[in-house]
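Worksheet for the structure shown next.
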């Protein structure tokens, strides 16, 4: 029979148990304090912290979400309401694509979209998240944060509108400087028209019909030239908003070429390297005008014939998808002293009657309106290459707001 523990032994065991209880109590106090601090930290964050799942359901750490959008934390945590229910239909696809890209790269994501609050207000949200995976590699959940960037977006739009107004004001202000260029450009065709008419009037009583016909045809040609100069000037000064559409880029290029086919000499060859998979949102009429201007510019640079190469591809810049397209010729090139002036209004190195000097300036303005850029490289006597870089927008929301 085992010996019973003595009173001293029992007392020692009781003391040990008391110490353990005391330790556990301290641990509970520390945990409670840590939880309180964590909750206080999350509550005072400028963002809203969430845990999300693949089906767009979310759980929030505090009820700040109700202050922002009117729906309570409980409505989301109970899965009665999904975050996708709030996102505007026109923004849902781009938000989904951001998540898909993050899945492919196993990276974090950052996206911006609009949501509709319970009161019907539209807010801009910046959403940043990191995907967590289980041992099998399947999505477990997403830890992320929401920021309300509505005020920032409004400020950006106001700044953008102001910038566009300043650009237009500069255009109008520059018309005074351009007047001398317009006068010079119009003076030549008007003088030719006047001379042709005077000759026909002087020869009116004579029988040389063919000579008179040629003079009148020359006058008509000069009228067309003057009309083109005025048209280009109006295009340059016009404040024209963009109308974005989703287009297959290769079809846009083919359409531009077909419109000027009659102006392409037989010894002129075109090579295209454009994937049929490239689809982008842009203003097709305005970009078609850029393509026509660049192609005609190249044609006029290759007086003895040559090869024009048109390429297009997609790439990334600062995590943004971009469209790149190039128009490259084998013409006489641009000299170093002229290359910095080619986008200036009325600057041209072409012979009289072969251009208004506004084509490249108009093209530059169109590309800027698309929030893109145009670059030029040239080797005098060998070639010139224009490269246009445009944002490849996921949808045409920006166009609707212009």
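So, residue 198, is that one part of a helix (DSSP H, G or I), touching a strand residue (DSSP E or B) at 6+ places or on another chain (Cβ under 9 Å) and either modelled with pLDDT of 75 or more or at positive phi (or both) or not? For residue 198, the condition - part of a helix (DSSP H, G or I), touching a strand residue (DSSP E or B) at 6+ places or on another chain (Cβ under 9 Å) and either modelled with pLDDT of 75 or more or at positive phi (or both) - is not met. Scanning the stretch 271-286 for residues that are out of contact with any strand residue (DSSP E or B) (no Cβ under 8 Å at 6 or more places or on another chain) and touching a residue at least 24 places away in the same chain (Cβ under 8 Å) yields 285, 286.
Selection of strands (runs of 3 or more DSSP E) fully inside the stretch 46-128 by the criterion of at least 1 residues being over 16 Å from residue 147 (Cβ atoms), in contact (Cβ under 8 Å) with a residue 24 or more places away in the chain and out of contact with any helix residue (DSSP H, G or I) (no Cβ under 9 Å at 6 or more places or on another chain) returns 48-52.
Scanning the stretch 306-335 for residues that are loosely packed, with under 14 Cβ neighbours inside 10 Å, in contact with a strand residue (DSSP E or B) (Cβ under 6 Å, 6 or more places away or on another chain) and at positive phi turns up nothing.
Checking each residue in the stretch 261-283 for being under 20 Å from residue 375 (Cα atoms) and surrounded by fewer than 20 Cβ atoms within 10 Å (Cβ to Cβ) picks out 272, 273, 274.
The values are calculated or read from the model by the stated rules, or taken from the named source; none is laboratory data. It should be emphasised that the depicted structure is a prediction, and the values quoted were computed from it without experimental measurement. With ideal geometry, Cβ positions are generated from the backbone for all residues, glycine too; neighbour counts draw on all protein chains shown.
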